[in-house]
Amino acid sequence: MQVKNFWDLDAWKYGHDFVLEIYQVTKLFPDDERFGITSQLRRASSSITANIAEGFERYHFKDKTKFYYQARGSIAEVQNFLMLAKDLGYIDIEKTRELFAQSQIVAKLVNGLIRANKSK
């Protein structure tokens, strides 16, 4: 399949599923975390796909790569907040492992975008 839009990218598709999962999980967080860790997790996770989309639409390869690096940084930010959420007892260890595994798949796909751009 030819990639014509950002939503055709596997990195974006898997990332989008990951964002949806983060939103579902954070619904269960305490109300007093609405402006804290809940907001941080949601913003960082949605930033992954937003940066993939913006990078895809950039014309110059350096610009594209910059946004893909930003997406990778957002993945690390999400992983940090997932560890915090686990340590605070908001999510259990099994769910944390599942979300980490998802984030690592997205990271590998983003790394593929970065490699592909650097080779051009």
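Remarks
The rows are residues; the columns are (1) in a helix (DSSP H, G or I); (2) aliphatic (A, V, I, L, M).
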| site | (1), (2) |
| --- | --- |
| 84 | yes, yes |
| 91 | no, yes |
| 95 | yes, no |
| 99 | yes, yes |
| 103 | yes, no |
| 114 | yes, yes |
| 117 | yes, no |
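- A search for C-beta distances below 7 Å between a residue of region 25-38 that is closer than 14 Å to residue 87 by Cβ and any residue that is part of a helix (DSSP H, G or I), counting only pairs 6+ apart in sequence or on different chains, returns 29/37; 29/38; 37/81; 37/84; 37/85.
- Selected residue (criterion: nearest to residue 66 (Cα to Cα)) from residues of region 26-53 that are touching a helix residue (DSSP H, G or I) at 6+ places or on another chain (Cβ under 7 Å) and of a type in the set (S, T, N, Q): 51
- Qualifying residues in region 94-104 (those that are under 25 Å from residue 72 (Cβ atoms) and either out of contact with any helix residue (DSSP H, G or I) (no Cβ under 8 Å at 6 or more places or on another chain) or without any contact (Cβ under 8 Å) to a residue 12 or more places away in the chain (or both)) - the one surrounded by the most Cβ atoms within 10 Å (Cβ to Cβ): 98
Conditions tested, residue by residue: (1) aliphatic (A, V, I, L, M); (2) under 21 Å from residue 118 (Cα atoms); (3) in contact with a strand residue (DSSP E or B) (Cβ under 8 Å, 6 or more places away or on another chain); (4) surrounded by fewer than 16 Cβ atoms within 10 Å (Cβ to Cβ).
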position: 52; (1), (2), (3), (4): yes, yes, no, no
position: 56; (1), (2), (3), (4): no, yes, no, no
position: 62; (1), (2), (3), (4): no, yes, no, yes
position: 65; (1), (2), (3), (4): no, yes, no, no
position: 79; (1), (2), (3), (4): no, no, no, no
position: 82; (1), (2), (3), (4): yes, no, no, no
position: 87; (1), (2), (3), (4): no, no, no, yes
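- Leading residue by the ranking (surrounded by the fewest Cβ atoms within 10 Å (Cβ to Cβ)) among those in region 11-32 that are aromatic (Phe, Trp, Tyr) and assigned to a helix (DSSP H, G or I): 23
- For residue 118, the requirement of being over 21 Å from residue 16 (Cβ atoms), surrounded by fewer than 19 Cβ atoms within 10 Å (Cβ to Cβ) and without any contact (Cβ under 8 Å) to a residue 12 or more places away in the chain is not met.
- Among the residues of region 22-42, the ones that are aromatic (Phe, Trp, Tyr) and modelled with pLDDT under 95 come to 1 in all.
- Residue 66 in contact (Cβ under 8 Å) with a residue 40 or more places away in the chain, more than 17 Å from residue 39 (Cα to Cα) and more than 14 Å from the chain's Cα centre (by Cα): no
The values are calculated or read from the model by the stated rules, or taken from the named source; none is laboratory data. Predicted model only: the values in this text are computed from it and were never measured. Note that each Cβ is placed from the backbone with ideal geometry, even for glycine, and that neighbours are counted across all protein chains shown.
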